Amino acid sequence: MNFAGLPALAVDLDKTERVSSNKKQINSRLAQEIKGTVKNGKGSAISGVNIVLKGATVGTITNADGAFSINVPDNNAVLVFSSIGYLRKEVAVGSQKTIEVVLVEDVNQLGEVVVTALGIQREKKALTYATQQIGGSELRQAANTNFVDALNGKAAGIDIKVSSSGAGGSTRAVLRGNKSLQGSSEALYVIDGIPMVNNKGAQPGSYGGTDGGDGLSAINPADIESISILRGANASILYGSQGANGVILITTKKGKEGKLSVDFNSSAVLEKVSGLPDFQYRYGTVGGDYSWTPVGTPEVKSDNYQKDYINDFFQTGSTFTNSVAITGGNANTNVYFSYANISSKGIMPTNTYGKNNFSFRQSTRLLNDRITISSGVILSSEVSRNRPGAGYYNNPLTGLYLFARDRDFTSYKNNYAVFNEARNMDKMNWYSTEEKQNNPYWELNRDPKRQSYKRLIANVKLAYDILENLRFEVRANIDYNNVLDDKRYAASGNSVSVSPNGTWAYARYTDQSVYTDGILTYNKSLGDFSLNALAGLSYQENKYNDGMTVNNGTVSLQYPNVYTFANMPYNVIFNSHPDYSNTIKQGAFANLSLGFKDFLFLDLAGRNDWASTLALTGNQSYFYPSIGGSAVISQILDLPKAISLLKVRASFSQTANEVPYNRVVPLSSIGGAGGPTGIGGINRPTQVPFTNLKPEKIVANEYGLETKFFNNRLGLDFTYYNGVSTSQFLSLAAPSGSGYTTYYVNAGRIENNGFELTLNAEPFRTDYFRWNTTINASQNNNKIVELIASNPNYQVGADTEGFASLIKAGGSFNDVYVYKFARNDAGQIILDKNGVPTKEATQTLVGNVNPKLLLGWTNNLSYRNFFASVLVNGKFGGVAFSKTEAFLDSYGVSKRSADARDAGAVPINAVTPEGATVTSIAPYTYYSAVGDRNKIMEPYVFSRTNVRLGQLVIGYNFKSKGANPVFKDASISFVGRNLFFFYKKAPFDPEQAMSTNNALQSTDVFGLPSTRSYGLNLKFSF
């Protein structure tokens, strides 16, 4: 077996085992033992470094102290040292018995070997598709609790949105654009080669709601060794339709041979509001809800109204994270254990989040290293209380922001509940009966919300080296999550959304995924040729949302504020979870990689899936292939010395997207609760059976160029891609009299094309100072070429009271439509007979929420023991929409409305029905027409473009001294995230998501204000 291209990743047990096995067979023929240590430029030991005898099959790795021992044949031997994040180094042995090796960090390349599909490590130059790898230490630099958020700006081609709901909130990561109209366009997450369940909870809408979180929060960022981003289906095809939208592949830390090592990490991060809307506190009401004085009425105005209650409402949030990891082992067994705790309180009072993580992984080699048994367990427990929501109803921010300025807010704060003698209970104390408004402090203290997640991810793997180059692996994994979602709304709250005796929305369910596969791999070098082949079978059974939900809504509980099943009214039914699904997928896959003289490579891959969601259609079996090639031109041609590497690559693939559950032959459900003594009926399906359903089809290709200059001091990685998605899953109204309301068709064509660029450089490198800089840039162009050819007006999406995110043929995913001013041919706004601006009869396209360019610029600097990291994030193009601003204007509480009143009029280019030109209009008249909902939303569409200081880290490394130091390494650093904007036009942070679903992207409907975070991070290694 040829180890010349051995992956430079310390935690790859499979490769290590084969090296160890070959070492035992060959060492007896080698005469000379060489010992030594490997350190980095700062003098710290590097564990897990791969050391290979050049031209032979002997290899080993360094232990936790960076020490190694290897036998070589003679003084002419050359040892090759490689490790992820460091430049490869060759050392001639000569007469040396002990070798001290210093590896130079290579932040730009992060090693010559990357992790690919199924957790397989391959040389980067042999890949025929685009991939990018980020080290775990880079992700943890700024003490992020969400590792996906930490990827922002650090990889090309990924658009990330993070929920504004705080710690434990959900995320949205899309690679190369939206591809599916009804399904998900988000990437698949994979842990150590095995797909991970990432089910997302409910998301807020315009009328309200709370982020339900997602499965990613169960991962402890301190357990991550590295993340590989497989951006296209070309790279992720071995995962089948699950990987159609790309893969984010997580490689976790493993145990290492050597004495016991302990790593401790502690961080304290504070979070403060950084971007509230601009409010006014000088104009009051005439006794109603609106801080306006109608035209002709004496102005209600004072400079003595309360001014600080909105700022004072929010608190300083804090997140404390503590983690410890213990690793150790011997030649046959190694073990890794970690524990992490997160304790967080949000900027919204009463909002808390707590999480405990346990991880355990072990690996044991048996029978002369021919058998390896490894296993791992992740246990996670999360509890979120009063997670902030968004939208109109049951949201503290509506009452807080819209509060009538002439009233006394302090009295409502201190007396949010008053005793109602007639009902012998407290009721909400609030001046308004509007459905949108509640006393903010009643919401915080009397409407508690609790979400909990108890997660288990366990796996076991057995690997058997049948022959020197032939290995068989079998893996099994179970992913189980127990979810509770409990929301309680006290009696005597807002009668529009809460029943007179209170409302209880309760859900408890489980998600379970069982996965197993068997993979046979064969690797062989035949002269100038190399061959890497694998074939495998997989089985996956998923049962999601298996449980029940109940919600009495505005139907009264039997007794007030008693939240038990027995207290539910008889006519409220206990339902199975509406998103319940039970699916099975079987797969067969194969991959063949051929190399010639280490500079020409050919990849062939294919997978066939059998999906239970397609049973009875005749389409349950579907196959998709992939082919790719790459050529290292710099090894073929004699190029100028300035060019260290020049590589070209191309790949082509076809895959399919996931198919929804319960669409082929829909199931019936129990209808209603019936009467007090009766039973409910049966709800028959209203959807026509879809017996010819086919999976969505995605055909993609990409072309890439990789080049490095000046001994790898400057590097460029460029990819152009295009993809076509067809056979979308679309619904239509069923013909009248058919007995159904809906039927589905496979139709539509969506195209995505764009580029990804990574440019990295090391402008300065001295004995004491280093500066590495990386720019990641990407652009995606999305086009809805066709939906339903016979129905050109077909669209996906709907109006949400003045704002619509629609998908139409000829447009793009997430086009924004709003009502604009009605104008004549000269562009003048048309007024009605009362002098009020009018709106167009239909909504008009005003832009698309998706940015046209994503940009991230990372700088890592070090001087002696000092280090710093600076990340600038930019998103250019696209639009953002704020219904919050529309309400603030309508209610007269925005600074903009006060400025207009101070000026006496709003400038306008308008015309009366009689044709007279109007150049100014009363503020009350203007903002009554444009504000609120379902009115003229044109003024509330903003540019999404923003550039921010996304991350700042400044720290110091402490180095141990003496023979028996207290610690091996330690560091302390100041961390800051989202500290300020260099440029932003929108009145809110358009990257802070109200919802992480397809709709309502870059939209604000009373979502939490933007925040900045700063704190300290402390690390110790013993």
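Please treat every number below as a calculation from the coordinates, not as lab data. Note that the coordinates shown come from a computational prediction; the quantities given were computed from them, not determined experimentally. Counting neighbours? That spans all protein chains shown, and the Cβs are built from the backbone with ideal geometry, glycine included.
If packing is taken as the mean number of other Cβ atoms within 10 Å per residue, what is the order of 226-234, 371-379, highest first?
Result, highest mean Cβ count within 10 Å first: 226-234, 371-379.
Which far-off residues, 5 or more places away or on another chain, put their amide H under 5 Å from the one on Val879, with H placed in the peptide plane?
Asn848, Val849, Asn850, Arg944
Just to check I understand the Karplus step: with θ = phi - 60° and J = 6.51 cos²θ - 1.76 cosθ + 1.60, what whole-Hz values come out for the stretch 372-386, glycine and proline as x?
Per-residue couplings from phi come out as 10, 10, 10, 8, x, 9, 10, 10, 9, 10, 10, 9, 10, 10, 6 Hz.
Which percentage, to the nearest 5, of the DSSP beta bridges contained in the chain is antiparallel?
About 95 percent, rounded to the nearest 5.
Need one number: nm distance between label points at Asn692 and Ser69, each 7 Å from Cα along Cα→Cβ, rounded to one decimal.
Here the answer is 7.2 nm between the modelled labels.
How large is the Kirkwood hydrodynamic radius of the stretch 247-305, in angstrom, based on all distinct alpha carbon pairs?
Taking the inverse mean of 1/r over all distinct Cα pairs, the stretch 247-305 comes out at 18.7 Å.
Which of the trypsin sites (Lys or Arg not before Pro) across the stretch 965-999 are loop residues per DSSP, with 15 or fewer other Cβ within 10 Å?
The qualifying sites are Lys985.
Just how large is the dipole of the stretch 228-375 about the Cα centre, in debye to the nearest 20, putting +1 at every Lys and Arg Cβ and -1 at every Asp and Glu Cβ?
960
What residues have an amide H closer than 5 Å to that of Val72, excluding those fewer than 5 places away on the same chain, when H is modeled at 1.01 Å from N in the peptide plane?
Amide H neighbours of Val72: Ala31, Gln32, Glu33, Ile34.
Treating only the Cβ atoms of Lys and Arg (+1) and Asp and Glu (-1) as charged, compute the dipole magnitude of the stretch 859-1003 about its Cα centre; round to the nearest 20 debye.
So the magnitude is around 900 debye.
Can you tell which of Ile342, Ser164, Ser217 lies farthest toward the positive end of the dipole of the chain, using +1 and -1 charges on the Cβ of basic and acidic side chains (Lys, Arg; Asp, Glu)?
Ile342
For Cα extents along the principal axes in Å, several values are listed as [x] 103, 65, 64; [y] 107, 76, 61; [z] 114, 86, 51; flag the one computed from this structure.
Evaluating Cα extents along the principal axes in Å on these atoms matches [x].
Work out from phi, with θ = phi - 60° and the Karplus expression 6.51 cos²θ - 1.76 cosθ + 1.60, the ³J(HN,Hα) of each residue of the stretch 541-554, listed in order in whole Hz, and give x for Gly and Pro.
So the Karplus estimates, Gly and Pro as x, are 10, 10, 10, 10, 6, 8, x, 9, 9, 8, 8, 7, x, 9 Hz.
If the chain between Phe360 and Ala642 were fully stretched, how many nm would it gain, using 0.36 nm times the residue separation less the Cα-Cα distance?
So the extension gain works out to 96.8 nm.
Explain nothing, just compute: Karplus ³J(HN,Hα) = 6.51 cos²θ - 1.76 cosθ + 1.60, θ = phi - 60°, for every residue of the stretch 93-105 in order, whole Hz, x for Gly and Pro.
Using θ = phi - 60°, the values come out as 6, x, 8, 5, 9, 10, 10, 9, 10, 10, 9, 8, 5 Hz.
Picking from Phe472, Gln586, Ala92, whose Cα lies most toward the positive end of the charge dipole for the chain (charges on Cβ: Lys, Arg +1; Asp, Glu -1)?
Among Phe472, Gln586, Ala92, the one farthest towards the positive end of the dipole of the chain is Ala92.
In whole angstrom, how far apart do the alpha carbon centroids of the stretch 467-522 and the stretch 223-275 sit?
Each part's Cα centre sits 20 Å from the other's.
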